[in-house]
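Asker: Can you keep this structure in mind? I'll have questions shortly.
The values are calculated or read from the model by the stated rules, or taken from the named source; none is laboratory data. The structure displayed is predicted, hence computed values, not measured ones. Neighbour counts are summed over all protein chains in view; Cβ atoms, including those assigned to glycine, are modelled from backbone coordinates with ideal geometry. All accessible areas refer to the heavy atoms of the entire protein, side chains included, with ligands and DNA or RNA removed. Shrake-Rupley method; radii C 1.70, N 1.55, O 1.52, S 1.80 Å.
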Amino acid sequence: MKNIFLFIALTLGFTCSSQHKNKGIVKLRQPSAETKRSSFETYIDNEDYFIKTFDVNKDSISDKIVSNKPYQGENLFIFLGNKQGKYTLALETRNFSEDGGNVINDILPISGNKGFTIKTSFPDRGYYEKEYHIILDNNIWLLKNIIYKTMSDISQDAVKYICDVPQNIDIQKSGWTDKIIPIPEENVRAKKCRVEKSQNKTAFYIQDSDGFTNLRKEKNSSSQILQKINTGEQVEVLDQNGDWWLVVSKEGKKGYVHKSRIKSE
């Protein structure tokens, strides 16, 4: 019986002592992930993001555009500034990257209009660039148009297609990306797009520390060797997809060379 009373007394004493120690302690509430996401300070000196500064809404006050760096994500945030030097989140959208395929290159102001232009490219497709023009119209963020830029092919007679495609999509509504109108199909591209002749065709040369490289029949290093091409010799590149490029030597032989052995000027 004495042991039971002793246990109860010790328990009550421990509880009172704990309550006394905790009395007056205020637990700090940590900011939520959503709060951090909507704060401009979150992205300062953040290695996953880059920041552009210019007057987006044309009120003579600098604003901040925050975007994931290439291959780091698709987030893009617009923070509008005020006279007190503070920034308020005005738009959260995407930077039009595509899982490492379409890569963001730059974000620029639009002359004379509220808004900005996002420039991207698709490195693995040769010359393929896009310009997304986003404007602020009556407090609505609109994807006004997309300018697609690509080549007809990589031959000597290739032309450049510049396709300005109207969009007029409210990018704050759900499902807006499904409404994007793509570049016109190849069979009508010459009619619907501006056509420019290529003025500066890229020249490709062999560069190999061994003094030559092998022109192979297939896309692998164990394939049949069709010809040895000396370092410094020019080749015509027909296809740049993958690690092995389809080329034509000055002797007219067609085969594959690893892209690491080809330089361009």
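Asker: Under a 1.4 Å probe, what is the accessible area of the stretch 72-212 per residue, stated in Å²?
Answerer: So the stretch 72-212 comes to 57 Å² accessible per residue, rounded to a whole number.
Asker: Where a Cα-Cα gap under 21 Å defines reach, which lysines qualify for Lys173, not counting those fewer than 8 residues away within the same chain?
Answerer: Candidates past the 8-residue exclusion: Lys114, Lys144.
Asker: While we're here: Taking the Cα-to-Cβ direction at Ile44 and at Asp99 and moving 7 Å from each Cα, how far apart do the two end points lie in nm?
Answerer: 3.6
Asker: Still on this model: Multiplying the sequence separation of Lys197 and Lys173 by 0.36 nm and subtracting their Cα-Cα distance, what value in nm do you get?
Answerer: The Lys197-Lys173 span can extend by a further 4.7 nm.
Asker: Now, a different point. Equivalent ellipsoid semi-axes for the stretch 176-249, as square roots of 5 times the alpha carbon gyration tensor eigenvalues: give them largest first, rounded to whole Å.
Answerer: 36, 17, 11
Asker: Arrange the peptides 177-187, 65-75 so that the one whose residues have, on average, the most other Cβ atoms within 10 Å appears first.
Answerer: 65-75, 177-187
Asker: At a Cα cut-off below 26 Å, give the lysines reachable from Lys228, other chains included and same-chain residues fewer than 8 away excluded.
Answerer: Lys201, Lys217, Lys219, Lys250, Lys253, Lys254, Lys259, Lys263
Asker: Multiplying the sequence separation of Glu185 and Lys217 by 0.36 nm and subtracting their Cα-Cα distance, what value in nm do you get?
Answerer: Length gained, Glu185 through Lys217: 8.3 nm.
Asker: Ignoring ligands, DNA and RNA, what percent of the accessible area of the stretch 181-244 is carbon or sulfur (1.4 Å)?
Answerer: About 43 percent, which is the carbon plus sulfur part of the accessible surface.
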